[in-house]
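Asker: Input: one structure, supplied below.
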Amino acid sequence: MKNILAISGSLRQGSSNHAILQYLGSQVPADVEYTIYNDLAQIPAFDPGLDTDNPPISVAVLRKLLTDADGLIICTPEYAFGVPGSLKNMLDWLVSSSTLVDKPVALITASLGGEYAHASLLLTLGALSANVIADATLLIQFIRSKMDSDRKVKDAGR
Ligand SMILES: Cc1cc2nc3c(=O)[nH]c(=O)nc-3n(C[C@H](O)[C@H](O)[C@H](O)COP(=O)(O)O)c2cc1C
């Protein structure tokens, strides 16, 4: 049984990135356990002084989920030409624990433009020594116009 963890960089109710992750979850084979992580907002602001083997509980839970996962999917918008703060904050908690070292990661940036966040995340994931799968990275632009009001894909183009 393979185990995939999926994380959305958007906390927004009705998020298109969350909808993409839900869609991907509907496509996985029966022998894959697929979990969308919904506690990004519970991760405290990164504090190097608390970044130990006994971090805040939400961070410990996240690290365990990631350690147990065979792969990670990140799907995120861009905010102000950068990575959403909550997502970058989460990644900062993973540096010293080496949680993502060699972990297969798929990166989807679904945004209006998104190229800055996408490039920045590739750099950060590189710094974390994650195994970013080239064929599983995707930049989807104008995402809001590619979904209908029920968050169903109405335009499959990039
Ligand atoms: C405060 C704010 C800043 C944004 N800045 C950018 C940006 O720099 N680049 C971009 O591509 N989209 C930007 N957007 C638009 C988001 O990409 C768009 O709202 C996207 O649909 C959000 O993803 P979600 O539907 O998963 O919440 C911004 C949105 C907000 C709310």
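The values are calculated or read from the model by the stated rules, or taken from the named source; none is laboratory data. Every value quoted in this text rests on a predicted model; they were computed, and no experiment measured them. Virtual Cβ from ideal backbone geometry, glycine too; neighbours counted across all protein chains shown. All accessible areas refer to the heavy atoms of the entire protein, side chains included, with ligands and DNA or RNA removed. Shrake-Rupley method; radii C 1.70, N 1.55, O 1.52, S 1.80 Å.
Asker: For the list (1) open to solvent by less than 30 Å² (accessible area, probe 1.4 Å); (2) in contact with a helix residue (DSSP H, G or I) (Cβ under 8 Å, 6 or more places away or on another chain); (3) within 15 Å of the ligand (Cβ to nearest atom), I need the number of the one condition that ALA19 fails.
Answerer: Result: ALA19 fails condition (2) only.
Asker: A further question on this structure: Note down all Cβ pairs under 6 Å where the first residue falls in the stretch 14-27 and is in contact (Cβ under 8 Å) with a residue 12 or more places away in the chain and assigned to a helix (DSSP H, G or I), the second is open to solvent by 30 Å² or more (accessible area, probe 1.4 Å) and more than 8 Å from the ligand (Cβ to nearest atom), and they're at least six residues apart or on different chains.
Answerer: Final answer for the pair search is ALA19/ARG151; LEU21/ILE36; GLY25/TYR34.
Asker: Here's another thing I want to ask about it. Counting only residues that are within 16 Å of the ligand (Cβ to nearest atom) and of a type in the set (A, V, I, L, M, F, W, C), which one in the stretch 66-89 is surrounded by the most Cβ atoms within 10 Å (Cβ to Cβ)?
Answerer: Among residues in the stretch 66-89 that are within 16 Å of the ligand (Cβ to nearest atom) and of a type in the set (A, V, I, L, M, F, W, C), the one surrounded by the most Cβ atoms within 10 Å (Cβ to Cβ) is CYS75.
Asker: Has the stretch 116-135 got any residue that is among the charged types (D, E, K, R), on the phi < 0 side of the Ramachandran plot and touching a residue at least 60 places away in the same chain (Cβ under 8 Å)?
Answerer: Scanning the stretch 116-135, I find no residue that is among the charged types (D, E, K, R), on the phi < 0 side of the Ramachandran plot and touching a residue at least 60 places away in the same chain (Cβ under 8 Å), so the answer is no.
Asker: Here is a further query. Inside the stretch 89-138, can you point out the residues that are closer than 24 Å to LYS2 by Cβ, of a type in the set (Val, Ile, Thr) and part of a helix (DSSP H, G or I)?
Answerer: none
Asker: So if I check each of LEU21, LEU91, which one is within 18 Å of ALA136 (Cα to Cα) and of a type in the set (A, V, I, L, M)?
Answerer: Sole residue among the options that is within 18 Å of ALA136 (Cα to Cα) and of a type in the set (A, V, I, L, M): LEU21.
Asker: Among THR76, THR52, which is among the β-branched types (Val, Ile, Thr) and in contact with a strand residue (DSSP E or B) (Cβ under 9 Å, 6 or more places away or on another chain)?
Answerer: THR76
Asker: Among the aliphatic types (A, V, I, L, M), more than 16 Å from the ligand (Cβ to nearest atom) and open to solvent by less than 20 Å² (accessible area, probe 1.4 Å): which single residue out of VAL105, VAL101 fits that description?
Answerer: When all the criteria are applied, what remains is VAL105.
Asker: Within the bounds of the stretch 25-38, is there any residue that is touching a helix residue (DSSP H, G or I) at 6+ places or on another chain (Cβ under 9 Å), within 10 Å of the ligand (Cβ to nearest atom) and within 28 Å of ALA156 (Cα to Cα)?
Answerer: The answer is no, given that none of the residues of the stretch 25-38 is touching a helix residue (DSSP H, G or I) at 6+ places or on another chain (Cβ under 9 Å), within 10 Å of the ligand (Cβ to nearest atom) and within 28 Å of ALA156 (Cα to Cα).
Asker: In addition: Pick from the stretch 1-16 the residues that are closer than 22 Å to GLY114 by Cα and open to solvent by 20 Å² or more (accessible area, probe 1.4 Å): which of them is nearest to the ligand (Cβ to nearest atom)?
Answerer: Applying the filter and picking the extreme gives ARG12.
Asker: Out of all the residues in the stretch 121-139, is one or more of a type outside the set (Lys, Arg), farther than 18 Å from LEU62 by Cβ, near the ligand (Cβ under 10 Å from one of its atoms) and open to solvent by 60 Å² or more (accessible area, probe 1.4 Å)?
Answerer: no
Asker: Looking at ALA30, ALA41 in this structure, which one is part of a helix (DSSP H, G or I) and open to solvent by 40 Å² or more (accessible area, probe 1.4 Å)?
Answerer: Exactly one of ALA30, ALA41 is part of a helix (DSSP H, G or I) and open to solvent by 40 Å² or more (accessible area, probe 1.4 Å), namely ALA41.
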